[in-house]
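Trainee: Got a structure for you, questions after.
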Amino acid sequence: MSHPAMLPKLARHYDRLAQHYDSVMDHLETWLLGDWRAWAAAQAYGRTLEIAIGTGRTLPFFPQDIMVIGVELSIGMLKYARQRARQWRRPTLLVRADAQALPIRDKSIDAVLSILSLCTIPDHRRALAEAYRVLRPGGRLILVEHVRSSNPAVAAIQQLIDPLSVRYACDHLTREPLELLPHYGFRVLDVQRRWLGIVERVLAEKPL
Ligand SMILES: C[S@@+](CC[C@H](N)C(=O)[O-])C[C@H]1O[C@@H](n2cnc3c(N)ncnc32)[C@H](O)[C@@H]1O
């Protein structure tokens, strides 16, 4: 469930984290995601939207010939994304906006990417519905997310610590975006998991 009052709290949380985010992720990312960020970027094409783009860590991986739009709630995170975009030197539009209410026309986007974001966005269902709305028919949804583990013992631990994680890190540990995709109209094309099923990558499409 989303509550409008959560957005300022979330933005403040990431504003505070922004200056440390890249150094933390530099240490964690290969271990956590392997090469899945590069995989996600390679699936993008045409006019691509990355929701909750953070510090823009995916930018250097995108194909050279695409147009990237990034939306992000935290001005602190956006500052770093803008620095990356300047170095990347490709057509990039970075906007402070809510992934739950995108300021983007229906059916105007070829690919929507979300990396480690649906765990944080307060109402991930609304974000998925928005992704569907802005995608053109035939467009791709590309997800790399941490989710509820497929291992029951690990999932039980996640369930136990989830309230603390949500409260202090704005991070939901037990979400299962894959299960929601058919409900919003997406057709799932490929799914892979790693780390006891905690990290998931999904390629889906909005049917023609
Ligand atoms: C864990 S970080 C991931 C950042 C980036 N996707 C990456 O791969 O490094 C989660 C990001 O989601 C952003 N975020 C959370 N809720 C959002 C919303 N409703 N709209 C836009 N961005 C949001 C946060 O500000 C934060 O930058």
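Trainee: Would you give the gap between the C-alpha center of the stretch 54-91 and the C-alpha center of the stretch 123-156, rounded to a whole Å?
Mentor: So the separation of the two Cα centres works out to 21 Å.
Trainee: Compute the signed sum of charges (Lys and Arg +1, Asp and Glu -1) over the other residues within less than 10 Å, Cβ to Cβ, of Cys119.
Mentor: Net charge around Cys119: -1.
Trainee: Related question: At a Cα cut-off below 26 Å, give the lysines reachable from Lys79, other chains included and same-chain residues fewer than 8 away excluded.
Mentor: Lys9
Trainee: Sketch the reach of a paramagnetic label on Ala42 as a point 7 Å from Cα along Cα-to-Cβ, and name the residues of the stretch 136-150 whose backbone nitrogen lies under 18 Å away.
Mentor: 140-145
Trainee: Once label points are set 7 Å from the Cα along Cα→Cβ at both Asp35 and Leu180, what is their separation, rounded to one decimal in nm?
Mentor: Simple spin-label model gives 3.0 nm for this pair.
Trainee: Then there's this: Please find the FRET efficiency linking Arg82 to Lys107, where r is the Cβ-Cβ separation and R0 is fixed at 25 Å, and quote it to the nearest 0.05. Spell out each step's value before the answer.
Mentor: Values: r = 28 Å, r/R0 = 1.11.
Computed FRET efficiency for Arg82 and Lys107: 0.35.
Trainee: Still on this model: Between Trp195 and Ala169, what FRET efficiency follows from the Cβ-Cβ distance if R0 is 22 Å, with the result rounded to 0.05?
Mentor: 0.80
Trainee: For the chain, modelled as a Gaussian network with Cα springs under 10 Å, which listed residue fluctuates most, Val112, Val68, Val191?
Mentor: Looking only at Val112, Val68, Val191, the biggest GNM fluctuation is shown by Val191.
Trainee: Excluding Pro207 itself, calculate the net charge of residues whose Cβ lies under 12 Å from the Cβ of Pro207, where each Lys or Arg counts +1 and each Asp or Glu counts -1.
Mentor: Working: positive: Arg136, Arg140, Arg187, Lys206; negative: Glu205.
Net local charge, Pro207 excluded: +3.
Trainee: For the stretch 103-118, just list the computed ³J(HN,Hα) in residue order, Karplus coefficients 6.51, -1.76 and 1.60, θ = phi - 60°, integers in Hz, with x standing in for Gly and Pro.
Mentor: Along the stretch 103-118, the couplings run x, 9, 5, 4, 6, 10, 10, 8, 8, 10, 10, 9, 10, 6, 10, 5 Hz.
Trainee: On to the next question. Restricting to the chain, compute how many DSSP beta bridges are antiparallel as a %, nearest 5.
Mentor: 40 percent
Trainee: Okay, next question. So how much slack lies between Lys9 and Arg96, counting 0.36 nm per residue of separation and subtracting their Cα-Cα distance, in nm?
Mentor: Roughly 29.8 nm would be gained on extension.
Values quoted throughout were computed directly from the atomic coordinates according to the rules given, and no laboratory measurement underlies them. None of the values given here were measured: they were computed from a predicted structure. Positions of Cβ are backbone-derived with ideal geometry, glycine not excepted, and every protein chain shown enters the neighbour counts.
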